[in-house]
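Accompanying notes for the structure given below.
The values are calculated or read from the model by the stated rules, or taken from the named source; none is laboratory data. Every value quoted in this text rests on a predicted model; they were computed, and no experiment measured them. Cβ placement follows ideal geometry from the backbone for every residue including glycine, while neighbour counts extend to all protein chains displayed. All accessible areas refer to the heavy atoms of the entire protein, side chains included, with ligands and DNA or RNA removed. Shrake-Rupley method; radii C 1.70, N 1.55, O 1.52, S 1.80 Å.
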Amino acid sequence: MTEERYKQAAAGAWIGIAGNLALALLKGVTGYLANSKALMADAFHSASDVVGSVAVLAGLRAAKLPPDEDHPYGHGKAEPIAAIILSVLLLVVGVEIGISAAKSIYGGVHEPPEGFALTVLILSIIVKEAMFQYKFRLGKKLASQALIANAWEHRSDVYSSIAAFVGVGGAMLGSYFGTPYLYYLDPIAGLVVAVMVLRMGYRLLMGTVHSTMDHVLHQEDAADLLETVQRIKGVIAVDQLRAREHGHYVIVDVKISVNPRISIQEGHDIAKIVKYTLMKRFLHVSDVFVHVNPYDAGYPYKSADSEPDDMPTVLH
């Protein structure tokens, strides 16, 4: 991770920490004073965002560390690991919110929340949507899975605030029209928030686990890499190209065929050009492994036992 990338990503994480902490305190105090289960549930959701942003920041700092003997490919997977922690946290918070809302429904609701809870919810919707747009765009720009996961956490908070708004507003209408049954809309909204949190946590968990397991880019995503290698002078053919995600960056394994009559040094030089061209042109490519083979016009049609296989050279 470059210093500039780390600074931008860390700034986004700190903005998330400050914003979520302020919203969690505001919604928590207001929910308690207004006697709103939905707003209290929404406050817990924002509080989980605070811990999530801290996890993202910790992951970014770990990913910034240079490669070492135990981690020769760097610490890039610290970011998706932080995203996994955030996802699990969402699942735990979702269960807790659901249990609290269910207890309120079972115990009965005898009065609606106070009206000022609606003002806080409107403010929360506006602030959280702004934070989502900022973090999502920053995460895409920096190719940071942790930031993107944290951004979707903000978006889920927008939806939960909307659900809480409907619940609180409906309960207040029950008071206005003298319909006590509408009071239950407030804890029901809290239950809806819990389901939304669980759904978002599950989606994020599945996505980050998939990414952590050395996901190979699809053919269309690696097309630009393949075309670039094919255009390099001295490369007769690209036998194979695989690009695998390693945290926020990509590691490329490519097999190229060159003129079998050139020297080992010349083949090595071509491989160096392939490696540094890919790393210079594509900023998300952190390392390239090049396997150099002698070009065989008969491959793959000639008999496998017609002559012994040549041992390829490898450049790292």
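A few remarks follow.
- Using a Förster distance of 51 Å, the FRET efficiency for Phe177-Lys7 (Cβ separation, nearest 0.05): 0.40
- Estimated at 0.36 nm per residue, the fully extended path between Gln133 and Ala237 surpasses their Cα-Cα distance by 33.1 nm.
- Per-residue Karplus couplings for segment 222-236, computed as 6.51 cos²θ - 1.76 cosθ + 1.60 with θ equal to phi - 60°, are listed in order as 9, 4, 5, 5, 5, 5, 5, 5, 4, 8, 6, 5, x, 8, 7 Hz, Gly and Pro entered as x.
- Counting DSSP beta bridges with both ends in segment 219-294, the antiparallel % (nearest 5): 50 percent
- Label separation (Val88 vs Ala18): 3.1 nm, computed from points 7 Å beyond Cα along the C-beta direction.
- Here the translational diffusion coefficient of segment 219-294 follows from Stokes-Einstein with Rh set to the Kirkwood radius across Cα pairs; for 25 °C and 0.890 mPa s it amounts to 198 µm²/s.
- FRET E, pair Lys103, Lys140, Förster distance 35 Å, beta-carbon r, rounded to 0.05: 0.30
- Accessible surface area normalised per residue over segment 221-278 is 53 Å², counting heavy atoms of protein chains with a 1.4 Å rolling probe.
- Counting only protein heavy atoms and a probe of 1.4 Å, the accessible surface of segment 219-294 is 49% carbon and sulfur.
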